[in-house]
Amino acid sequence: MKKVISLTIVFLFLVSCSTVPITGRKRFNVVSDAQILPTSFAQYAGFLKEHKISSDAKMTKEVQNVGVNISRAVDKFMRANGMVNEANSYRWEFNLIDDKTVNAWCMPGGKVVFYTGILPICDNTDGIAAVMGHEVAHAFAKHGQERMSSGMLQQLGGVAVAVGTSGKSSESQQIWNTAFGVGSTLGMLAFSRTHENEADKLGMVFMIMAGYQPEEAVNVWVRMSQRASSGGAPPEFLSTHPSNQTRINNLKAYMPTAIAMAKKYNAQ
Ligand SMILES: [Zn+2]
């Protein structure tokens, strides 16, 4: 039995490895779009029904404008790089909810939520674009699916299949929320460091493609850092994500590459 299981794992691994576009990182993903997207769209609709949509028309419009511009950049990249089917599968949507939590996330297929609590950290349109680019990048690189896949590999099926199909039990709901950063105090930071760094890089490329200033991605993390030092961050902030200074240094170091890539992809 053990042998069968290990052979199954090896087989799954071989057929399920792919490469993240732009960064070239190898990833393991056994969750298909056909499995995940209907669940994602239903989860998103359910979330919006249960949470208060912001009545601030001006800020809502601003978040949505940035979202549309950045999703157009992602769409342009995908269509120019052999990902037409994938581009067609996204159903981009951007909503601002009235919640003081410092959070933002993007579910598979381009379903984005910003919490009003993150707006002071964003501070301006370019700051919104930095966070938007980062969140959209998680969906573009399918980080949530990768997290679900490694969970599946560990448990060989059971729970993860339940997530992919019904998504109704509280256990599968919890796995979903963890994989996609929904509902945690700082959901955008719940992913692993590898995913965070990758989303920072991809997000910067997309925000530049959409015409925003990448320096503001650095400033967002400076403000996040100031908030943390004034005692505003929850404890998991420190343990689950790269230190702010590392992140700021990485973003600064990557900026020239991101500018060159954005220029190249915009010219495609
Ligand atoms: Zn993130």
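Would you pick out the residues in segment 113-154 that are assigned to a loop (DSSP other than H, G, I, E, B) and either β-branched (Val, Ile, Thr) or out of contact with any strand residue (DSSP E or B) (no Cβ under 8 Å at 6 or more places or on another chain) (or both)? Within segment 113-154, ASP123, ASN124 meet the criteria. Pairing each residue of segment 109-126 that is at negative phi and crowded, with 21+ Cβ neighbours inside 10 Å with any residue that is acidic (Asp, Glu) and part of a helix (DSSP H, G or I), provided the two are 6+ apart or on different chains, yields C-beta distances under 7 Å for VAL112/GLU135. Suppose we keep only residues that are over 19 Å from the mean Cα position of the chain (by Cα) and modelled with pLDDT of 95 or more within segment 194-244. Which one would you say is farthest from the ligand (Cβ to nearest atom)? Filtering first and then ranking leaves GLY211. Once segment 14-72 is narrowed to residues that are in a helix (DSSP H, G or I) and among the β-branched types (Val, Ile, Thr), the residue that is surrounded by the most Cβ atoms within 10 Å (Cβ to Cβ) is ILE70. Looking across segment 243-254, the residues that are touching a residue at least 12 places away in the same chain (Cβ under 8 Å) and surrounded by fewer than 16 Cβ atoms within 10 Å (Cβ to Cβ) come down to GLN245, LYS252. Here GLN268 meets each of (1) buried (at least 17 other Cβ atoms within 10 Å of the Cβ); (2) at pLDDT 75 or above; (3) in a loop (DSSP other than H, G, I, E, B) with one exception, condition (1).
One residue stands out among those in segment 91-147 that are among the polar types (S, T, N, Q) and within 16 Å of the ligand (Cβ to nearest atom): the one that is farthest from GLN64 (Cα to Cα), which is GLN145.
The values are calculated or read from the model by the stated rules, or taken from the named source; none is laboratory data. Since this is a predicted model, take the numbers as computed values, not measurements. Glycine also receives a Cβ, built like all others from the backbone with ideal geometry; neighbour counts cover every protein chain displayed.
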